[in-house]
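One structure is given here, and the rest of the page talks about it.
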Amino acid sequence: MNTKDKIVIYLQEQIAKAEFRVHGYVFDDKNKPNPTRSSYQLLQKYLSDFIEGNTGLRWIVLTGFRGVGKTTILSQLFYNIQQPGIKKLFLSVDQATQYLGVSLLEILTVYEELMDGSFEQLEQPILLFLDEVQYDKQWGLTLKTIYDRSKKVFIFATGSSALSLQENPDIARRSHTEKLFPMSFTEYMKIKKGHFEKKGLADQIQTALFESQSAKETYNRLKKIKNTVELYWMGLEQKEIDNYLKYGSLPFAVHYKNESLAYDQIKKIIDRIISLDIVQERKFNSEIITKIPELLYAVAASDTLSVIKIKDAIAIDRLTVSDILDTLEKTELLTRILPHGSHESQVKKPSKYLFTSPAFRSMYYSFIGNIMEESSLMGKLTEDAVCLYLRRIFWLKDISLTYDSAQIGADFIFKTPLSKKIIFEIGYGEKGPLQINATATRVNSKYGIIISRSGLSLYEKEQIVSVPLSFFILM
């Protein structure tokens, strides 16, 4: 059997069994539709607009690290399109290229022949749902060519390797990129218990925190919606916050009844990012690759990270440690928070590295073992989560997020181009204004926000509002 015949048989099977293959992502074990995430609504709108004749936006690239839920959203979009006359193809590019030993171009060329006509001759739309495209080195050029050949083709492409996606020039001018972040707390509760968010509440909290002119205005706005927040929490246990911080930001881990099984899967995701995404870039030799888990373990146990101390601990030169940290940031495992101040001071002082999902840090603590106390761990997980929320809310917006490197200093100094700085201090238990007051003496800020388990309260003289974590995570 020649290569073309193999591709034909493979495509015929994929088309015939496509809805069966995605069924497990779309429905639960009781055959009820799984809840959709907030990103789904926007992506579905892009697709609906195209079907209705708007061809201005017809190539979407959905990025995000492994395990964040891209395949589930792609499967839901594919399954829920049932209009007659529309052809659709769901293809796991990683499986297809490895199983057949051919390129994405060869597969789509044969698919074009199976349509009994070229892409240019299409009269009805074709929807291409392509998962894990980065496994084909030429995926960008291949999809650019098809995009240019016909306005009847809509392309959804997902990719886990942020390294490959960020450096692909073929997609830059034609495609639209959406980033899928780890789940919010309300998404977690929607998927786990079918407990839906209160309409408009997230926007009200966001407006109060980031668009007020003073701490008092922030406090008054939050006080007005306190009843709505309490209504959301009716029937929910506060321990769900802990569950969310430990593993609930990753959709695949939500339904694990055994925490250790969830951590086992999280570890496998990190191992695959290292062994596939990073190795694929051929930037580091095998000896350096084996040191990366040790470096991540050091991050999990640290507040700030001194490159000099790390290089001595894991026996790698300083430049290589910096390169590894930069690569881990590009793979979206880590988020770097620079010290506040001039560029010169930022170079001299250590950066703070947070995990893009608090579940990653939790895995190192619970699965591998760590000397960090439980209360300290939960504080760091809360800080990871707050950073995740800020990144989700202000993605693609020009913001500055730094930290105060002084001995007594706040966790975050946040600024948009049109606003003064807002100082954040994060804690798991009770938290007072000490760190924000100290930072405010060095930083000209609008007001300070404490995120902790403390109640909603106002320190009017100090221009600080204490916001319960149970409020913040409803954004």
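The values are calculated or read from the model by the stated rules, or taken from the named source; none is laboratory data. Just so it is clear, the model here is predicted, and its values are computed rather than measured. Every residue, glycine among them, receives a Cβ derived from its backbone with ideal geometry; neighbour counts consider all protein chains shown.
Every condition in (1) in contact with a strand residue (DSSP E or B) (Cβ under 6 Å, 6 or more places away or on another chain); (2) closer than 21 Å to residue 223 by Cβ; (3) modelled with pLDDT under 95 is met by residue 422 except one, and the failing one is (3).
For the range 300-328, the candidate set comprises residues that are part of a helix (DSSP H, G or I) and β-branched (Val, Ile, Thr); within that set, the residue that is nearest to residue 66 (Cα to Cα) is 327. So is residue 106 over 24 Å from residue 19 (Cβ atoms) and assigned to a helix (DSSP H, G or I) or not? Yes: the conditions hold for residue 106. Between 116, 148, the distinction of being acidic (Asp, Glu), part of a loop (DSSP other than H, G, I, E, B) and more than 21 Å from the chain's Cα centre (by Cα) belongs to 116 only. Scan the range 423-445 for residues that are in contact with a Gly (Cβ under 8 Å, 6 or more places away or on another chain), surrounded by fewer than 22 Cβ atoms within 10 Å (Cβ to Cβ) and among the hydrophobic types (A, V, I, L, M, F, W, C) and the total you get is 2.
Which fully enclosed helices (runs of 4 or more DSSP H) of the range 204-299 have 2 or more residues being closer than 25 Å to residue 160 by Cα, outside the structural domain of residue 420 (by TED's automatic domain parsing) and basic (Lys, Arg)?
Counting at least 2 such residues, we get no helices (runs of 4 or more DSSP H) at all.
Applying a threshold of 6 Å to beta carbon distances and a minimum spacing of six or more residues, or different chains, the list of pairs starting in the range 215-231 at a residue that is of a type in the set (Lys, Arg) and ending at one that is surrounded by 17 or more Cβ atoms within 10 Å (Cβ to Cβ) and assigned to a helix (DSSP H, G or I) reads 221/208. Considering only residues in the range 135-149 that are under 16 Å from residue 55 (Cα atoms) and among the basic types (Lys, Arg), the one that is surrounded by the fewest Cβ atoms within 10 Å (Cβ to Cβ) turns out to be 149.
Filtering the range 119-131 to residues that are assigned to a loop (DSSP other than H, G, I, E, B) and surrounded by 20 or more Cβ atoms within 10 Å (Cβ to Cβ) leaves only 125. All conditions in (1) surrounded by fewer than 16 Cβ atoms within 10 Å (Cβ to Cβ); (2) in contact with a Phe, Trp or Tyr (Cβ under 7 Å, 6 or more places away or on another chain); (3) under 27 Å from residue 274 (Cα atoms) hold for residue 95, with the sole exception of (2). If only residues of the range 182-195 that are surrounded by fewer than 23 Cβ atoms within 10 Å (Cβ to Cβ) and in contact (Cβ under 8 Å) with a residue 60 or more places away in the chain are counted, the one that is farthest from the chain's Cα centre (by Cα) is 194.
The set of residues from the range 446-467 being surrounded by fewer than 20 Cβ atoms within 10 Å (Cβ to Cβ) and touching a strand residue (DSSP E or B) at 6+ places or on another chain (Cβ under 9 Å) comprises 446, 453, 454, 455, 456, 457, 458, 459, 462. Checking each residue in the range 1-56 for being farther than 21 Å from residue 68 by Cβ, small (Gly, Ala, Ser) and either surrounded by fewer than 16 Cβ atoms within 10 Å (Cβ to Cβ) or within 22 Å of the chain's Cα centre (by Cα) (or both) picks out 16, 48, 53, 56.
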